[in-house]
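Here is the structure we will look at.
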Amino acid sequence: MAAPLDMEPAALSLELLPTDPLLLILSFLDYRDLMSCCYLSRRLNQLSSHDPLWKRHCKKYWLISDAEKSQRNQSWKAIFISTYSDLGRYIQYYATLKKAWDDLEKYLGQRCPRMIGSLKESVREEDLDAVEAQIGCKLPDDYRCSFRIHNGQKLVVPGLMGSMALSNHYRSEDLLDIDTAAGGFQQRLGLKQCLPLTFCIHTGLSQYMALESVEGRNKYEIFYQCPDQMARNPSAIDMFITGTSYLEWFTSYVNKVVTGGYPIIRDQIFRYVHDKECVATTGDITVSVSTSFLPELSSVHPPHYFFTYRIRIEMSKDALPEKACQLDSRYWRITNAKGDVEEVQGPGVVGEFPIISPGRVYEYTSCTTFSTTSGYMEGYYTFHCLYYKDKFFNVTIPRFHMVCPTFKVSTARMVSRYAFVLILDFETNHNEYAVDEDEDSTDTDEYEDRRRVLDIPAPSGRCPHHT
């Protein structure tokens, strides 16, 4: 018999819904909503405490593995809550930074094991709070989070944040622990409210993070300081920008390391960038190039941008033995951003005349400078065959580009420059002026002068430009 038409349907009760569909729905909720469900009804409280629901959140936010869960002998929910009570303020950063640290440790453990021993254990929340009280500035949460995982490293060589070596210049940057960083906190004009992140004991080089938006910097911007050599004001400091936040700066560096973007040479990380297109093969010989910008040897005023490049020359292992040859000379065609061209030709490379045979590799490092923010080089090597000494041939060097990172001119310079314009306009009734900064130079003597200006310790040799 059909039910009367005016009969109302029975109210749908949560208590009557089957468990499995409800658990499936709850599995799509974030941890906040899942926790809120605990307070809505007794039924939802029971379901939201279902332990497998919290496994996903423990893995997503805290990277807790099944093995770690077994060792802790706690439920997934209990692990999530206890971890959140300690690290909850960092929940949007923790997984990303923890993975970066884990990947870095695994990679270095296989290739640079002694560097792992320089890493310091994590710090406590109260230690970070004490540093904030000491310097009078708040530390960004992504920075704090990283130091809850590792407190930087000991002041050792090689440094975790990369090395660079030329014939007469070497640097290796350490990631500073929180106490050392706090000791280097700056309040002087030009670097007001800036915290050092790295330090090189050889050059005094540091990367700084701005803790406030002052002196033309964005808050949490990371940079190398670059004194303005053309300004009388000591607070006129230009900046080569290396990151927009600690999270971006650190994780992008780690990614370069663990993906092989930065080579491991002599048990340390070298910050050479290799463009996959910078490879040229001539016969059985392949030439590839990687480059790096050196901020400590560069300046914005005067415009002087210093680059180093590493060249790898390799003969195929399948080449015939009679293909063995020796490098006689090099030819470079160097073009700056304005299209000015310089040609350089000379014997050997870095004072050597390497022999290349099947399966053999020869690598060397050299450097160049531009007065423009970018430029490129290309050329060829001339070889002669060892078995047929009268046979000569050229091997192509692929074109490789060098580009200065983004930089900011000091606000002190802009203010003084504006004042100079006003005075000049008042005295001469003109409103334009020009400073000649166009001359390009790659002369070794100019590099030596630049070294003295930066107060870099005297090197043992000279920089082999364009070799």
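The values are calculated or read from the model by the stated rules, or taken from the named source; none is laboratory data. Just so it is clear, the model here is predicted, and its values are computed rather than measured. Note that each Cβ is placed from the backbone with ideal geometry, even for glycine, and that neighbours are counted across all protein chains shown. With ligands, DNA and RNA removed, areas are computed over all heavy atoms of the protein, side chains included. Shrake-Rupley method; radii C 1.70, N 1.55, O 1.52, S 1.80 Å.
Along segment 167-173 the Karplus relation, 6.51 cos²θ - 1.76 cosθ + 1.60 evaluated at θ = phi - 60°, assigns HN-Hα couplings of 4, 10, 8, 9, 8, 8, 9 Hz to successive residues, with x for each Gly and Pro. Summing Lys and Arg as +1 and Asp and Glu as -1 over all other residues whose Cβ lies under 12 Å from the Cβ of Val123 gives a net charge of -3. Between the entries (i) 16, 27, 21, 14, 9, 8, 4, 1, 0; (ii) 19, 41, 26, 11, 3, 0; (iii) 26, 55, 18, 1, the label attached to P(r) over Cα pairs in 20 Å bins from 0, in percent calculated for this structure is (ii).
So how do 362-375, 385-398 stack up, highest first, on mean other-Cβ count within 10 Å? Could the numbers behind the result be given before it?
Working: 362-375: 19.7, 385-398: 14.1.
Packing order, densest peptide first, comes out as 362-375, 385-398.
Computing FRET efficiency as 1/(1 + (r/R0)^6) for Leu386 and Ile264, where r is the C-beta to C-beta distance and R0 is 41 Å, gives about 0.80. One decimal place: the segment Ile116-Gln345 gains 78.0 nm when fully extended, by the rule 0.36 nm per residue minus the C-alpha distance.
Per-residue ellipticity at 222 nm, computed for the chain from helices alone with -39500 (n - 2.57) per DSSP H run of at least four residues, works out to -9000 deg cm²/dmol. Under the convention that each Lys and Arg Cβ holds +1 and each Asp and Glu Cβ holds -1, the size of the dipole of segment 229-292 around its Cα centre is about 200 debye. Computed from point charges on the beta carbon alone (+1 for Lys and Arg, -1 for Asp and Glu), the dipole magnitude for segment 18-89 about its Cα centre is near 80 Debye. Per-residue packing, averaged as other Cβ atoms within 10 Å, sorts the ranges 235-247, 70-82 into the order 235-247, 70-82, beginning with the highest.
What's the carbon and sulfur percent of the chain's accessible surface, probe 1.4 angstrom, rounded to a whole number?
Working: 12260 of 23520 Å².
It is 52 percent, rounded to a whole number.
What shape does segment 94-258 have by the C-alpha gyration tensor, where a ≥ b ≥ c are the square roots of the eigenvalues, rounded means a/c under 1.5, and otherwise prolate means a/b greater than b/c and oblate the rest? Since a/c reaches 1.5 but b/c is at least a/b, the shape of segment 94-258 is classed as oblate.
Relative contact order of the chain, please, whole-number percent, based on alpha carbon pairs below 8 angstrom and at least 6 residues apart. If you can, show how the numbers build up before the last one.
Working: 843 pairs, mean separation 50.1, N = 467.
Relative contact order here is 11 percent.
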